[in-house]
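See below for the structure under consideration.
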Amino acid sequence: MKNRTILLKLSVAAAAVVLAGMAQAEPIKIGLNQPLTGPFAASGTYIVNGAKIAAEEINANGGVLGEKIELVIEDNKSNPTEAASVAEKLIDRDQVPVMMGAWGSSLTLAVMPKLMQYEVPMLVETSSSSKITRQGNPYIFRISPPSWVEAAIFEKLVPKLGIKKVDFLAINNDWGLGTIEDFSKMFEKNGVTVGLKETMDQDSRDMSAQLAKIKGSDSDTIIVTTAVEQLTLVLKQAAALGIKKKIVTTGGSQNPDQLVAQAGSAADNSMHMVFFAPWFPDSAPHPDKAKDFIQAWAKKGYDKAGMTESYRGYDGIYVIKAAIEKAGKADPAAIKDAFWEIDVPAINGDVKFVKDGPKGRESGQYMANGTLVEIKDGKIIVPEL
């Protein structure tokens, strides 16, 4: 009987060790809240594919804190209400300690109250509205440039481009309206006259009325802000109306290769602010990282047009990895604090966060790098300025 008792205890102890080992082997989850359907689906898919490449690389090299990472991917359907629901699902049901999202500014702004409610940090990879880091939400850490940072990057180019008067055509949401506001301030400070401020709904396919008004103005430049699908239509419709003004796009979501493929000659002579220029990897802050990503993207067979956006998903996962490692555990509070301590070499540059927002409740903002490119005869070039 005594021997049986000893054997039973040993069996229980062994089972406990096995169960403990199984518990430790659970992956570290990272929630992805992205638009995989709806008007922004192409962009959201690019971000997710970039994130997947990063996750595969990280897991192949030992994971994080000795554990694999698992991307829990959810579709916010390009809808703010859905984005908030997805955030709650990822946090409450999937128990993710950190998220990345949510592509569009209106989508991210809708998610932000959930971050405060559940005290879970989110790495913002794309959204550019200045409101995101200025609302007093300490769970936000953004690697994409807000519109005021992009305006500051563009400011250096204004004299070289010879811009005297601009009109705006922007998507009617926080992203587009924020761009109009921040770029208008920059232009006015530099003596450039700001003319029309036209908007378009995200589902609109006919922008001919707005473009006709702009054609009739005396501006020399049109600043356009929207996602690549709608931008393709804008370029085609502008060409059909015979508009010869300089067209410059903002936001880094234009995918110039996709514009060449879909808009054809209508894209010629348009200029685009991008934050990764895969055509010129040697000019990247870390050329080796840029080349490795380009090679990994091609190996997957993904469309090369997606790289100007997908790099953000890739960089974002590596930034989250660094925060988890610095935290020493997959705990939301520890990861939030760790974001402030990291300095991560990434495709866009060395990512570290500065404080933006009300004192004591600041969000983290990375001061990103940007490049202006031009489409000329169906090819992407750096314009001679």
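When GLN34, GLN95 are checked against the criterion of being open to solvent by 10 Å² or more (accessible area, probe 1.4 Å) and in contact (Cβ under 8 Å) with a residue 60 or more places away in the chain, a single residue qualifies: GLN95. If you go through the range 154-170 and pick out every residue that is under 25 Å from the mean Cα position of the chain (by Cα) and in a strand (DSSP E or B), you end up with 3. Within the range 272-330, the set of residues being of a type in the set (D, E, K, R) and in contact (Cβ under 8 Å) with a residue 40 or more places away in the chain comprises LYS289, LYS300, ASP303, LYS304, GLU309, ARG312, ASP315, LYS321, GLU325, LYS329. Tallying residues that are outside any loop (DSSP other than H, G, I, E, B), more than 18 Å from ILE153 (Cα to Cα), of a type in the set (A, V, I, L, M, F, W, C) and touching a strand residue (DSSP E or B) at 6+ places or on another chain (Cβ under 8 Å) within the range 174-223 yields 6. Restricting the first member to the range 169-184 and to residues that are polar (S, T, N, Q), and the second to residues that are part of a loop (DSSP other than H, G, I, E, B), the beta-carbon pairs closer than 6 Å and six or more apart or on different chains are ASN172/ASP201; THR179/THR250. Listed by first and then second residue, the pairs linking a residue in the range 63-90 that is in contact (Cβ under 8 Å) with a residue 60 or more places away in the chain to a residue that is among the hydroxyl-bearing types (Ser, Thr, Tyr), with Cβ atoms under 9 Å apart and 6 or more places separating them unless they lie on different chains, are SER78/THR37. Residue count for the range 129-152, restricted to those that are more than 18 Å from ILE91 (Cα to Cα) and in contact with a strand residue (DSSP E or B) (Cβ under 9 Å, 6 or more places away or on another chain): 14. Got at least one residue in the range 195-211 being farther than 23 Å from SER130 by Cβ and among the β-branched types (Val, Ile, Thr)? No; the residues of the range 195-211 include none that is farther than 23 Å from SER130 by Cβ and among the β-branched types (Val, Ile, Thr).
This table checks each residue for (1) open to solvent by 10 Å² or more (accessible area, probe 1.4 Å); (2) aromatic (Phe, Trp, Tyr).
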{"position": "LYS236", "(1), (2)": "yes, no"}
{"position": "ILE247", "(1), (2)": "yes, no"}
{"position": "GLY252", "(1), (2)": "no, no"}
{"position": "PRO287", "(1), (2)": "yes, no"}
{"position": "ARG312", "(1), (2)": "no, no"}
{"position": "TYR318", "(1), (2)": "yes, yes"}
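Return yes or no: is VAL373 closer than 23 Å to VAL149 by Cα, outside any helix (DSSP H, G or I) and under 20 Å from the mean Cα position of the chain (by Cα)? Yes; evaluated as a whole, the condition is true for this residue. With respect to the conditions (1) assigned to a helix (DSSP H, G or I); (2) open to solvent by 70 Å² or more (accessible area, probe 1.4 Å), ALA322 falls short on a single one, namely (2). Restricting attention to the range 121-168, the residues that are of a type in the set (Lys, Arg), within 12 Å of GLN365 (Cβ to Cβ) and either open to solvent by 10 Å² or more (accessible area, probe 1.4 Å) or free of Cβ contacts under 8 Å to residues at least 24 places away in the same chain (or both) total 1.
The values are calculated or read from the model by the stated rules, or taken from the named source; none is laboratory data. Because the structure is predicted, anything quoted here is derived from the model rather than measured. Every residue, glycine among them, receives a Cβ derived from its backbone with ideal geometry; neighbour counts consider all protein chains shown. Surface accessibility is based on the protein's heavy atoms, side chains included, excluding ligands, DNA and RNA. Shrake-Rupley method; radii C 1.70, N 1.55, O 1.52, S 1.80 Å.
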